[in-house]
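Heads up, the thing below is written out as structure tokens.
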Amino acid sequence: MPCTRFTGGGIMATTSLWHIEGRLKDLIDYVENPDKTVVRTKDLQDFYNVFAYVQRPEATEQGEYVSATNCLKEIALQQMILTKKQYGKDDGYIAWHGYQSFKPDEVTPELAHEIGLKTAKKMWGDRFQIIVTTHLDKDHLHNHFCFNSVSFLDGKKYNYSKTEQRKLRNVSDRICTEHGLSVIENPHKAPSRQVWLDEKSGKPTRYNVYREDVREAINFSRRPYYMEEYLQRKGYITDFTGKHWKIRLPQYEHFTRLDTLDKRWTPENIQRTMGAYASFGNRRATISYPPQMPRDLKEWYKPFHKTSHIYKLYLHYCYLLGILPKNTDYKPTSPYLKEDLRKLDEFSEQVRYMSKYGIETFDDLYANREKLQNEMDKWIAYRTKLQNKIRRASPAEKETLRQEKSGVTERITELRKQLKLNKGIEKRSVKIQEKTDLLYANEYRAKEEMQHKKTQRKEREIR
């Protein structure tokens, strides 16, 4: 299987790379006492975990599959810190974290580690300190690369680009090919890391939603015509001409080939396996609606009429998703809605925020934002004054002032989070309106088609 980043079809070998932000002080604190370090981000935790594996050999077969380049693996993090201090580079990205995964049963641990080490040396070995670990705790063997953002050679920072992305893929592919592993000849554009992780875990990403609906359409249809009709009723745009059948939802520009969702879904294979659950005829797709949505909220929403009442808009959408009411058994069946099921926590947090601060309309949202911004600006100005006082203060006063400054920083951090939440509500409300309009437009179209078929049937009966 291929050694390129996951592109939406099945289990395959992958490569990816992402930056890790943080402060040099966090690294120093971690080295001095890792048990007491408070890690605030997932990426930073991943970064520390790479080094923790060096100290936990049971995770990598007694440390056999841990290697270092341009540093000693036992003190790699300390050496990276010294490089940063030497060149005065203690801000921005602190490191880069790479990932290389293989298809289950395709490689041995020894070969996986050898490929990972060769890939790392070819990519970054001439300028950066690198740790390579091979993990054996999943069905698929995978390598982690972690390398310093600052070069030990000249102090320059690693400059990531699309060219580097292609180079990583090409280097990995070439080394895999040399060892008899297969690669993708024409890799597709990779999704974001979070989408990639959600895809792997089976969450309702766009492509997983596609797969579920296509599988239904194949099982409930006896012929391609009825399969297309099934998907169109769901709201898809279909193209079953040519040797590759394709689908897409209206909000996306590009079609997706069925045989990229599942390599078995070629037109020939689909036609051989159609109708597994259609013993008594083709089944037509239906779209379900929440039976417990309050009538006044249901009647309030007017499709294709933009509203300024974002709180009601959110509530209406939460019922469509099955977030409300609590403990409901309803689950949406429309592909326009299902992808948002992996964001339920975000929706719930935004609704709670609007409820807490009495935000009903866009005007309320903007007023809340202005209040937050003004308060944050005041605290930032006050923190600057405290910083100036600390410079002039006696040693005895410095500690008290620093504690006060720390409290001010925490308040600023909380205000930033609230501002981000506020702006996120505005951005998401636009998408909610668009998706809900698409949902109702599809239902109107289905009703018109049904009425048209009834009319045609009556006309035939009269003749």
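Relative to the compact-globule scaling 2.2 N^0.38 Å, provide the ratio for the alpha-carbon radius of gyration of region 243-398. Numbers along the way, then the final one.
On the way: Rg = 25.8 Å, N = 156, 2.2 N^0.38 = 15.0 Å.
Relative to the 2.2 N^0.38 Å estimate, region 243-398 comes out at 1.72.
In the structure displayed, which of 200/435; 338/447; 331/420; 103/263; 298/356 lie more than 27 Å apart, Cα to Cα?
331/420
Enter the Cα centre distance for the pair region 289-354 and region 195-261, rounded to the nearest angstrom.
Using only Cα atoms to place each centre, the spacing works out to 24 Å.
Whole-Hz Karplus ³J(HN,Hα) for region 305-315, in order, using 6.51 cos²θ - 1.76 cosθ + 1.60 and θ = phi - 60°, x for Gly and Pro?
Those phi angles translate into 10, 5, 10, 9, 8, 5, 5, 5, 4, 4, 4 Hz.
Give me the aspartates and glutamates in straight-line cross-link reach of residue 85: C-alpha distance below 19 Å, same-chain residues under 8 apart excluded.
Filter leaves 21, 26, 29, 32, 154.
Ranked highest first by the average count of other Cβ atoms within 10 Å around their residues, in what order do 266-273, 109-116 fall?
Per-residue Cβ counts within 10 Å, averaged per peptide and sorted highest first, yield 109-116, 266-273.
Quick one: which residues, 5+ away or cross-chain, put their amide H under 5 Å from the amide H of residue 95? H built at 1.01 Å from N.
The list, which skips near neighbours in sequence, is 20, 149.
Count the net charge of all other residues whose Cβ sits under 15 Å from the Cβ of residue 155, scoring Lys and Arg as +1 and Asp and Glu as -1.
Its environment carries a net charge of +2.
Binning at 5 angstrom from zero up to the longest distance, how are the C-alpha pair distances of region 327-463 distributed in percent?
Each 5 Å bin holds this share of Cα pairs: 2, 8, 12, 12, 10, 10, 9, 8, 7, 6, 4, 4, 3, 2, 2, 1, 1, 1, 0, 0, 0.
Could you sort 171, 430 by accessible area so the largest value comes first, with the probe set to 1.4 Å?
430, 171
What full-extension length gain, to one decimal in nm, is calculated for residue 462 and residue 404 as 0.36 nm per residue of separation minus the Cα-Cα distance?
The residue 462-residue 404 span can extend by a further 12.2 nm.
Regarding region 217-310, what's the average projected area of the Cα-atom convex hull, expressed in nm²?
Values: hull surface 35.1 nm².
Its average projected convex-hull area is 8.8 nm².
Beyond a 26 Å Cα-Cα separation, which of these cross-linked pairs lie in this structure: 121/203; 121/157; 246/302?
121/203; 246/302
Relative to the present Cα-Cα distance, how much length would full extension add between residue 381 and residue 327 at 0.36 nm per residue of separation?
Gain on stretching residue 381 to residue 327: 14.8 nm.
The values are calculated or read from the model by the stated rules, or taken from the named source; none is laboratory data. Computed from a predicted model, the values in this text were never measured in an experiment. Quick reminder, even Gly has a Cβ in these numbers, built from the backbone with ideal geometry, and neighbours come from all protein chains shown. The protein model used for the area step is the full one, side chains on, heavy atoms only, and it has no ligands, DNA or RNA in it. Shrake-Rupley method; radii C 1.70, N 1.55, O 1.52, S 1.80 Å.
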